[in-house]
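See below for the structure under consideration.
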Amino acid sequence: MTLPAGTDAVRQSLASFRQEREADWKAFEALLARVEKRAPRALSEDELLSLPLLYRSALSSLSVARATSLDSALIAYLEALCLRGYFYLYGARRSLRTRIGDFFLRDWPAAIRDLWREVWVSVGLTVIGAIAGYWLVASDKRWYDAIIAPSLAGGRNPDSSAEMLRSVLYGDGGGHFLSGFAAYLFTHNTQVSILAFALGFAFAVPSVLIILMNGCMLGALFQVYAAKGLGFALGGWLSIHGTTELFAIAIAGAAGMRIGTSIAFPGELTRMAAAAQAGRVAATAMVGVAVMLLFAGLLEGIGRQTITGDVGRYSIGGGMLALWICYFYLFRMVRHGNG
């Protein structure tokens with residue numbers, strides 16, 4: 001209470017104020033509760049028309065309460081009531097379908113375009129890691145076990161014969177390993193995406209290292225197959241889902257880098273404000289990464305079993321990569337050009 005002690009006149013004024021207007025407050029609160037739980041159709045036409053009137057009445061009561069320093073609890077109640085009324089009457093309300101449409105048509109592509117520098121860096125780190133992994137295994141095959149754990153390699157290593165490696169890609173004899181290794185690749189790439197994003201807050205250093213290591217594993221695997229003349233075949237097998245998965249990992253790494261660099265170099269903002277600003281873009285991109293990984297899982301599950309030709313594999317992988325690039329970077333230009 002902010003009433004002066006012993007001031008009966010003020011107490012009577014407060015009681016009179018509440019008595020005159022409390023009915024409108026309660027009516028407004030009840031209508032808001034009904035419409036928030038269900039929908040506008042839950043109210044009659046007269047009740048809908050009364051909402052803005054009751055809102056203005058509540059605002060008027062709040063103004064009087066503040067000006068005359070009435071009960072502080074009453075002021076807090078009126079502030080909360082007016083805020084609820086404002087958000088319902090004037091706040092932007094979108095259906096779930098509209099929100100999903102806006103995400104896919106505008107928010108997600110815009111976030112990826114905003115991260116274009118970080119995406120290029122992430123792609124470059126993947127290439128550098130792949131070259132390093134390929135060179136290390138080519139120079140000393142013992143590096144293979146250091147880069148890819150033997151338990152995950154399924155017995156496939158630099159000492160494996162070309163026939164054994166080929167059976168993994170084309171023959172029924174490698175079906176069990178193929179299923180296990182493909183599942184491992186999807187799980188591994190999902191984990192890499194999450195870690196590359198989640199650890200970006202540490203000035204982006206963990207994100208960079210994770211992307212490099214992922215590229216190194218890819219290069220080490222390619223060296224084993226390329227040494228037996230199967231590099232092109234492995235590329236086709238991986239490309240069906242790999243172009244989508246690797247692009248998703250690059251985006252996840254880019255999102256982590258955006259947060260990390262914003263914290264390290266906040267500019268005129270505080271570090272918390274810079275991280276929050278970067279986090280909005282990065283979080284939108286990461287929701288999209290989950291969608292891309294889902295697509296990759298479907299491609300891997302279907303394509304691995306039904307498509308065994310190199311041309312078909314590369315066509316699907318290249319087509320998916322072209323689709324993502326057009327969706328993220330060209331769709332806005334086409335839509336703008338059409339008005």
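Some values worked out for this structure:
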{"quantity": "Region 8-90 - Rg over Rh from alpha carbon coordinates, Kirkwood radius", "calculated": "1.02"}
{"quantity": "Highest to lowest packing among 287-293, 80-86, scored as the average C-beta count within 10 Å", "calculated": "287-293, 80-86"}
{"quantity": "Sorted largest first, extent of the chain alpha carbons per principal axis (Å)", "calculated": "99, 43, 42"}
{"quantity": "Nearest-0.05 FRET efficiency for A42 and D102, computed from C-beta distance (R0 35 Å)", "calculated": "0.85"}
{"quantity": "Along principal axes, Cα extents of region 182-242, largest first, whole Å", "calculated": "42, 20, 14"}
{"quantity": "Karplus-derived 3J(HN,Hα), 6.51/-1.76/1.60, for each residue of region 285-292, Hz, glycine and proline x", "calculated": "4, 6, 4, x, 4, 4, 5, 5"}
{"quantity": "Highest-first arrangement of 241-253, 118-130, 268-280, where packing means the average Cβ count within 10 Å", "calculated": "241-253, 118-130, 268-280"}
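None of the figures in this text is laboratory data; all of them are computed from the coordinates on show. Only a predicted model underlies this, so the values are computations on that prediction, with no experimental measurement involved. Note that each Cβ is placed from the backbone with ideal geometry, even for glycine, and that neighbours are counted across all protein chains shown.
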